[in-house]
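Inspection log for the structure reproduced underneath, given as structure tokens.
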Amino acid sequence: MKNIKDFSLEKLKEEMKNLQEKAFRAEQIFQWLYQEKVKSFDEMTNLSLDLREKLKQNYTICNYNIIKKQESKDGTKKYLFDTLDGNAIETVLMQYHHGFSICISSQIGCKMGCKFCASTGIDFVRNLTTGEILEQIIAVEQDEKIRISNVVFMGIGEPLDNYENVVKAIKLINHPKGLNIGARHISISTSGLVPKIYQLAEENIQCTLSISLHATNNGKRSNMMPVNNSYPIEELLKACKDYIAKTNRRISFEYALAKDNNDNLEDAKELVKLLKGMLCHVNLIPINKIENGKFTKSSNENIMRFRDYLNDHGIVSTIRRELGSDIDAACGQLRRKNINKNS
Ligand code: SAH
């Protein structure tokens, strides 16, 4: 059966026509799904019993079960959701002074193989559907009785490797009759799938693009991120420049600092050379240690020195707050879980 949250409003109108129903029923259903956030067709009380019955026969409403919810001492919450097929994904809720931010997953597992990231230590299983991506936001809003203001695609998976579903999900998150979250409050982070960056530039969505750069030369970057063998730094930056030219949006470069690897002043100098003149911002991430990972966190002193060097040389740079590391909810610590094996 089809998940009703996989449909855009236009597509759901077509579905209604196929069911011999009026198109405006789709708008009513949207209201129930995305404003009221109901969990069943029976709760859609302004629809006839007959229509509710038809909906039940043709569609499911994706409702995640919460398998586990953990709370960090900094208030960050990590959810383990049952994807209803024996797998589970993680979603993280963070509170900032400007509101709630959610970090969502786009795939079950990940193919990218970044050496410093826990999400990659297990096999790729499948893409999440549009509705499954959205459901993370809806389930957390319902559980916490809050309204989320920022969405980041920085959980498990490579969003641009699940391009179509992710773009559809962004449109629904942003749609006034969907979750109605401003496009500028939605960020996508990619390890650098160059052809997809060109494609995204054509979509005319005002979301923020973050690029996991992490190193300034191909030797070092390939050592951390195998994707660099397919799409080296020069090609990646060319795609970024095209993205900026087409969208006029500032790109955010993520740079995870690992001790004795990419955190000395020489690296900072190289980074300035690479990014000089681009409409961009650098987000420095103190690398989080993962099980069996060979990279360890830089000292605070090195991190601040790195940041100051960039800022002093015309590259705006900030250090990402470390949230939720005590519950393995920080960057790179999320993992796909198999419920049965409890791994
Ligand atoms: N696949 C996407 C999004 C997921 S990760 C991507 O690669 O961008 C979100 C960010 O956390 C990325 O910049 C990623 O490189 C970074 N990250 C992964 N593991 C990390 C770790 N152990 N410590 C700090 N940041 C990490």
The stretch 304-324, subset surrounded by 17 or more Cβ atoms within 10 Å (Cβ to Cβ) and modelled with pLDDT under 95, residue nearest to Ser72 (Cα to Cα): Gly324
Check on Leu257, closer than 30 Å to Asn204 by Cβ and of a type outside the set (Ser, Thr, Tyr): no
Scope the stretch 8-29; condition in contact (Cβ under 8 Å) with a residue 24 or more places away in the chain and more than 15 Å from Lys56 (Cα to Cα); matching residues: Ser8, Leu9, Glu27
Qualifying residue in the stretch 298-320 (condition: in contact (Cβ under 8 Å) with a residue 24 or more places away in the chain and of a type in the set (Asp, Glu)): no
Which listed residue, of Leu55, Leu80, is outside any loop (DSSP other than H, G, I, E, B), surrounded by 13 or more Cβ atoms within 10 Å (Cβ to Cβ), in contact with a helix residue (DSSP H, G or I) (Cβ under 8 Å, 6 or more places away or on another chain) and among the hydrophobic types (A, V, I, L, M, F, W, C): Leu55
Filtered residue count, the stretch 19-30, keeping only those that are in contact with a Lys or Arg (Cβ under 7 Å, 6 or more places away or on another chain) and surrounded by fewer than 19 Cβ atoms within 10 Å (Cβ to Cβ): 3
Segments classed as helices (runs of 4 or more DSSP H), wholly inside the stretch 222-316, with at least 2 members that are within 12 Å of the ligand (Cβ to nearest atom) and in the same structural domain as Ile205 (by TED's automatic domain parsing): 227-230
Restricting the stretch 123-157 to residues that are without any contact (Cβ under 8 Å) to a residue 60 or more places away in the chain and in a loop (DSSP other than H, G, I, E, B), the residue that is nearest to the ligand (Cβ to nearest atom): Gly157
Failed condition for Gly192, given (1) part of a loop (DSSP other than H, G, I, E, B); (2) surrounded by fewer than 21 Cβ atoms within 10 Å (Cβ to Cβ): (2)
Scope the stretch 325-343; condition modelled with pLDDT of 80 or more and of a type in the set (Ser, Thr, Tyr); matching residues: Ser325
Top-ranked residue in the stretch 11-39 [being within 28 Å of the chain's Cα centre (by Cα) and in a loop (DSSP other than H, G, I, E, B); ranked as nearest to Gln142 (Cα to Cα)]: Lys37
Answer from Asp42, Asp74 - the residue that is out of contact with any Asp or Glu (no Cβ under 7 Å at 6 or more places or on another chain), in the same structural domain as Ile138 (by TED's automatic domain parsing) and either surrounded by 13 or more Cβ atoms within 10 Å (Cβ to Cβ) or part of a helix (DSSP H, G or I) (or both): Asp74
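The values are calculated or read from the model by the stated rules, or taken from the named source; none is laboratory data. Predicted model, so just to flag it, every value in this text is computed and none were measured. Heads up, the Cβs are rebuilt from the backbone with ideal geometry, glycines too, and the neighbour counts pull from every protein chain shown.
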